[in-house]
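Participant: Before anything else, here's the structure in question.
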Amino acid sequence: ASDLIIKDAAARGLLCEGSRSLTIGRVIVDGWGKVARAKGLYIPAVHIYSKTVNYGKNVNLSDFDVRNPGVGDTGGIEVSGFDICHAVNMHVEETTYESKTDSAGIHLACLRNYGTNLTTNGAACNGIRVSGHVDFGLFNCHPRNSGRSQVGQPVGINIAADGLKPRRGRIIGCSAHDDQAIPTQRIGILLNASATDVVLVTGCDAVGNIEAPLVNLGMPKARIHANVFDYLGETMPMNTGGNGGFRNGLKIGTSTIWVEPATGKLRIKNGTPTSDTDGTQV
């Protein structure tokens, strides 16, 4: 399907369900969720999912433009249940749904999620959310002014904890930006996954009034480099997660820096530490 223009839909703009492979391109949804509904009834602009979770089918999406949400709890683009999702050149302008776990301007929840040139502006909570995956890649994706509902934990790019494990992923050339006078976004990039996941973050930034450009929770195997985190926030530039300790240390060159949980003392070792009290107290 291609060349679809959908205006002022009462509920969803585009709903596609099934278990076959899909290719959909050049879609404009200009107005959705135009009929008032009970709070909590989730109405995404575009909802594409496999009727039964089928990890042998693919979905290829390109050139989506979503704008002018309605009065209910509106979401943006939701894709789930397929084996591989390729999403290219998508933009969502504003949403209103407030759930911190489910809501996103663009939400990819397939087994393997790959997004290129994805942008959002004014999402109610998360800008771009990736979940349910074993492999993912985000390239040149730029959520802006996420968290307009001021509810929950507003995030620009949210790599959710749910999904099959171990997982691997890449976030390359992406940015999270909040340029509002009173910022609504709290976290630029959130890596909320498990210790077995391996994620590469490179060439990314979080710009503007963001309190925490990069939060890394429970992912000692994450590789984070070549980033410029320029922000006007009040808290940490990076949180290595856990309760401190050598397993959640910060690697700088060949040295590791960590906080000893028992005493709160900072320690450093040139090399790989083997215990909380290894190395030298700073």
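The values are calculated or read from the model by the stated rules, or taken from the named source; none is laboratory data. If you're wondering where the values come from, they're calculated on a predicted model, not measured in any experiment. No Cβ is skipped: glycine too gets one built from the backbone with ideal geometry, and neighbour counts run over all protein chains shown. Note: areas computed on protein heavy atoms with side chains; ligands, DNA, RNA excluded. Shrake-Rupley method; radii C 1.70, N 1.55, O 1.52, S 1.80 Å.
Participant: Restricting to segment 176-189, name every residue that is under 15 Å from the mean Cα position of the chain (by Cα) and either over 16 Å from Gly105 (Cβ atoms) or surrounded by fewer than 24 Cβ atoms within 10 Å (Cβ to Cβ) (or both).
Facilitator: Residues satisfying the conditions are His177, Arg186.
Participant: State which residue pairs qualify: first residue touching a residue at least 40 places away in the same chain (Cβ under 8 Å) and inside segment 168-187, second residue open to solvent by less than 10 Å² (accessible area, probe 1.4 Å) and not in a strand (DSSP E or B) in any location, beta carbons under 8 Å apart, and separation of 6 or more residues or different chains.
Facilitator: Sorted first by the residue in segment 168-187, then by its partner, the pairs are Ala176/Ser146; Ala176/Gln185; Ala176/Ile210; Gln185/Ser146; Gln185/Gly147; Gln185/Pro154; Gln185/Ile210.
Participant: Moving on to the next point. Can you tell me which residue is nearest to Arg129 (Cα to Cα) among those in segment 190-206 that are open to solvent by 40 Å² or more (accessible area, probe 1.4 Å) and in a strand (DSSP E or B)?
Facilitator: By that ranking, first place goes to Asn192.
Participant: Restricted to segment 46-88, and to residues that are open to solvent by 60 Å² or more (accessible area, probe 1.4 Å) and on the phi > 0 side of the Ramachandran plot, which residue is modelled with the highest pLDDT?
Facilitator: Top of the filtered list is Asp63.
Participant: Do you know which residues across segment 65-91 are within 22 Å of Gly137 (Cβ to Cβ), outside any loop (DSSP other than H, G, I, E, B) and without any contact (Cβ under 8 Å) to a residue 40 or more places away in the chain?
Facilitator: Of everything in segment 65-91, those that are within 22 Å of Gly137 (Cβ to Cβ), outside any loop (DSSP other than H, G, I, E, B) and without any contact (Cβ under 8 Å) to a residue 40 or more places away in the chain turn out to be Ile77, Glu78, Val79, Ile84, Cys85, His86, Ala87, Val88, Asn89, Met90, His91.
Participant: Determine, yes or no, whether Leu214 is modelled with pLDDT of 80 or more, of a type in the set (A, V, I, L, M) and either assigned to a loop (DSSP other than H, G, I, E, B) or within 24 Å of Gly264 (Cα to Cα) (or both).
Facilitator: Here the answer is yes, as Leu214 does meet what is asked.
Participant: How many residues are open to solvent by 30 Å² or more (accessible area, probe 1.4 Å), not β-branched (Val, Ile, Thr) and not in a strand (DSSP E or B) when one looks only at segment 1-45?
Facilitator: Final tally of qualifying residues: 14.
Participant: Also: Do you know which residues across segment 145-174 are part of a strand (DSSP E or B) and surrounded by fewer than 22 Cβ atoms within 10 Å (Cβ to Cβ)?
Facilitator: Correct list: Arg168, Arg170, Ile172.
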